[in-house]
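Notes to accompany the following structure.
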Amino acid sequence: MLEFMRNNAGGVIGKTIVGAIILTFVLVGGGSLVFDNATGGSPASVNGVDISEYEVQRITDAQVRNFLSQVGDSIDPSTFNDAFIRVGVINNLVDREVQKQSAENAGLAFSDVSVTRYITSAADFQVEGSFDEATYRRVLSQNGYTPKQYKEIVRQSFVSEQLRGGVQNTAFSLDFEADLVSALENQQRDIQYVNIEANLLKDGIEISESEIEEYYTINKDNYQTEEQVKVEYVVLTADSIKSEIEVLDEEIVAAYEEYVAEQESKEVKNISHILVSDEDTANSVLQRLSQGETFEELAQEVSEDPGSKSQGGRLGELTAGVFVSEFENAAFALANEGQISEPVKTQFGYHLIKLDEIVSAEIQTQEEKTEELRAQIVDSKASEELTIVEQELANIAFSSSDLAELASQFQLTVQESDFFTRAGIAAPVLIEDNFINAAFSESVLQDNENSEVIRLADGSLAVLRKADYMAADFEELEAVSEQIKEVLVTEKAKEKAKTLAEDLVEQLNASSDLGIIASQDLEWVEAPGITRSNTELFTSVVSEAFKMPAPGESGFSAVATETIAGDYAIVALTGISESEASEDESQRDYGDYMASLLSQSEFESWFQENKNQANIKIK
């Protein structure tokens, strides 16, 4: 909405965004202070309350994994230092504990009923619009939380939000402040501009040999060739191994039997339950079931599980590790659809569990599956064979002074690459990072040995040795002379454009005559009514236009500015008009904006004061 918001992204508004990220950290990563603190020493404490080393390491590890998954193979995980992430985690946990204690001191709380209401209304835990306990427990389990831990996270998060809101809601902005911001944001300016292109000023620029030599001497490090290597190599492809592998009929049969057994083990059980508080009630419900009443109707009538009650007790898929052990063991013991368990006692009460449905996985016929199984067997045998062959290749490569014996022993062709760099430029088609690393290894380059066996992405095996090598060196001046000359011509052309622009601006402001531009065969481009958000003109032109003072008696003011293209533009401001926002927009948008600035500032000041007063120890 506001240009000010864009300009202040690194200031208070930027900190608001950071605050939102921190809140996300609190909600997602911060089960922190509710977990066991018994593992290891404490890296920090707040007013005598320890920050758990276990939690610091757990969150650090999670953030490192997330970071490495984003950067992919560009960083070797074994060389990654997580120290800076760990420091940030500790600081975040300290800040969180300061907020937690401040909230407690202020008497803020979030009731069990409110926690339960929030959890049961969360979309992530719902199936077809209703809370599903199985989904709830499964999601928590996948993220490493127990229900007790998650409830405490929710409670502390909402208490922190109450605290933040209680401080921030004391801030306000006055109407005249919002009106002032609105007027500045909606202001429009009339400008004329002319672009002086540096490229058009290159004609006639002379560059001497001494200038080229001087530039080369100063910037010699920019003119180096990369080291390059040429290698001989042999490749034993996975396909060549596979082509010699035979698959017996009995192997297909055995593989199909394994497939069938695996598919049969994938059957899914869907269950329902009725939860009551005591065994007598459970037996009474069981009696009513035996008399013909339906499980679904009784669940809706008597079950004390608010999440599944309205769904006739349905819990969905039975998944190992989601439910408490007593419940889980009884549920898995049910073998037939419609079967109902005896009352099962857990920490929640007494359950009657019904096996609603058994969903079996599809099983293809052996004929349908044969080719897929054959390919799997071939891949498996090829992998085993390559592992054996890899050791044989390594032994021969280690004891040989060239690749001839390898080529003869395994009927391979010795190939030769062109020169290539560490970046893989002009490398063989099969080039991969591990191939490049082997080619530039000390044993290959300096000791003239065969490389270790290189396993390629497709499973093939390769061995290489150096055929030739060119070390990195400075390029000769003669080779880069024309390149340097073009750089110097461009620099001088830019300087000419700058000088011309500044001279013309000086003349314009002195003479009050916009027609001076025509004397240089230049022509003004008119841009009336531009706003701060204009994207059609160069950013620097728009920026300068809104920095310039209002036109004086001459009717304009002029400045010169460099553009992103490296040219220079002359900007003449000829008029300013105020475009008033509607009253609703001014009071709502700009008032809210000013209030958000002030409220965030209020909270940061309040929090920093509390943090300064806290006894914080970081070890």
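Observations
- Answer from 334, 289, 298 - the residue that is open to solvent by less than 60 Å² (accessible area, probe 1.4 Å), of a type in the set (A, V, I, L, M), at pLDDT 90 or above and within 45 Å of the chain's Cα centre (by Cα): 334
- Among residues of the stretch 444-464 that are touching a residue at least 40 places away in the same chain (Cβ under 8 Å) and of a type in the set (Ser, Thr, Tyr), those with a beta-carbon under 7 Å from a residue that is assigned to a loop (DSSP other than H, G, I, E, B) and surrounded by 16 or more Cβ atoms within 10 Å (Cβ to Cβ) at least six positions away or on a different chain give the pairs 451/441; 460/237.
- Residues that are open to solvent by less than 20 Å² (accessible area, probe 1.4 Å), under 24 Å from residue 382 (Cα atoms) and of a type in the set (Phe, Trp, Tyr) are absent from the stretch 411-430.
- In the stretch 597-611, the qualifying residues are those that are open to solvent by 60 Å² or more (accessible area, probe 1.4 Å) and farther than 11 Å from residue 95 by Cβ, and the one that is modelled with the highest pLDDT is 609.
- Just one of the listed residues (510, 439, 501) is over 28 Å from residue 390 (Cβ atoms) and open to solvent by less than 80 Å² (accessible area, probe 1.4 Å), and it is 501.
- Test for residue 382: is it more than 30 Å from residue 300 (Cα to Cα) and open to solvent by less than 20 Å² (accessible area, probe 1.4 Å): yes
- Every listed requirement among (1) in a helix (DSSP H, G or I); (2) modelled with pLDDT of 85 or more; (3) charged (D, E, K, R); (4) open to solvent by 40 Å² or more (accessible area, probe 1.4 Å) is met by residue 73 save one, (2).
- Of everything listed in (1) at pLDDT 90 or above; (2) out of contact with any strand residue (DSSP E or B) (no Cβ under 6 Å at 6 or more places or on another chain), the single unmet condition for residue 425 is (1).
- Considering (1) surrounded by fewer than 17 Cβ atoms within 10 Å (Cβ to Cβ); (2) outside any strand (DSSP E or B); (3) modelled with pLDDT of 90 or more, the lone condition that residue 542 does not fulfil carries the number (1).
- Boolean, residue 385 is more than 25 Å from residue 453 (Cα to Cα) and assigned to a helix (DSSP H, G or I): no
- Exactly one residue out of 200, 163, 140 is outside any strand (DSSP E or B) and either of a type in the set (Phe, Trp, Tyr) or at pLDDT below 80 (or both), and it is 163.
- Only residues that are part of a strand (DSSP E or B) and touching a Ser or Thr at 6+ places or on another chain (Cβ under 8 Å) were counted in the stretch 203-228, giving 1.
- The residues on offer are 278, 249, 239, and the sole one that is of a type in the set (Asp, Glu), on the phi < 0 side of the Ramachandran plot and open to solvent by less than 70 Å² (accessible area, probe 1.4 Å) is 278.
- Lone unmet requirement of (1) touching a residue at least 24 places away in the same chain (Cβ under 8 Å); (2) at negative phi; (3) of a type outside the set (A, V, I, L, M); (4) surrounded by 18 or more Cβ atoms within 10 Å (Cβ to Cβ) for residue 341: (1)
- Residue in the stretch 111-129 that is of a type in the set (Phe, Trp, Tyr) and either at pLDDT below 80 or exposed (fewer than 13 other Cβ atoms within 10 Å of the Cβ) (or both) present: no
- Verdict on residue 537 being part of a loop (DSSP other than H, G, I, E, B) and open to solvent by less than 40 Å² (accessible area, probe 1.4 Å): yes
- Selection within the stretch 106-128 - out of contact with any helix residue (DSSP H, G or I) (no Cβ under 9 Å at 6 or more places or on another chain) and in a helix (DSSP H, G or I): 113, 117, 121, 123
- Of the residues making up the stretch 301-313, those that are free of Cβ contacts under 8 Å to residues at least 60 places away in the same chain, surrounded by 16 or more Cβ atoms within 10 Å (Cβ to Cβ) and not in a helix (DSSP H, G or I) are 303, 312, 313.
- Within the stretch 320-332, one or more residues are aromatic (Phe, Trp, Tyr) and either farther than 28 Å from residue 140 by Cα or part of a helix (DSSP H, G or I) (or both).
- Among the residues of the stretch 238-258, those identified as modelled with pLDDT of 85 or more and either under 30 Å from residue 456 (Cα atoms) or of a type in the set (Gly, Ala, Ser) (or both) are 245, 246, 247, 248, 251, 252, 254, 255.
- With respect to (1) under 16 Å from residue 160 (Cβ atoms); (2) modelled with pLDDT of 85 or more; (3) open to solvent by 60 Å² or more (accessible area, probe 1.4 Å), the lone exception for residue 50 is condition (1).
The values are calculated or read from the model by the stated rules, or taken from the named source; none is laboratory data. Because the structure is a prediction, the values reported are computed rather than measured. With ideal geometry, Cβ positions are generated from the backbone for all residues, glycine too; neighbour counts draw on all protein chains shown. Just the protein is used for accessible areas: all its heavy atoms, side chains included, with ligands, DNA and RNA removed. Shrake-Rupley method; radii C 1.70, N 1.55, O 1.52, S 1.80 Å.
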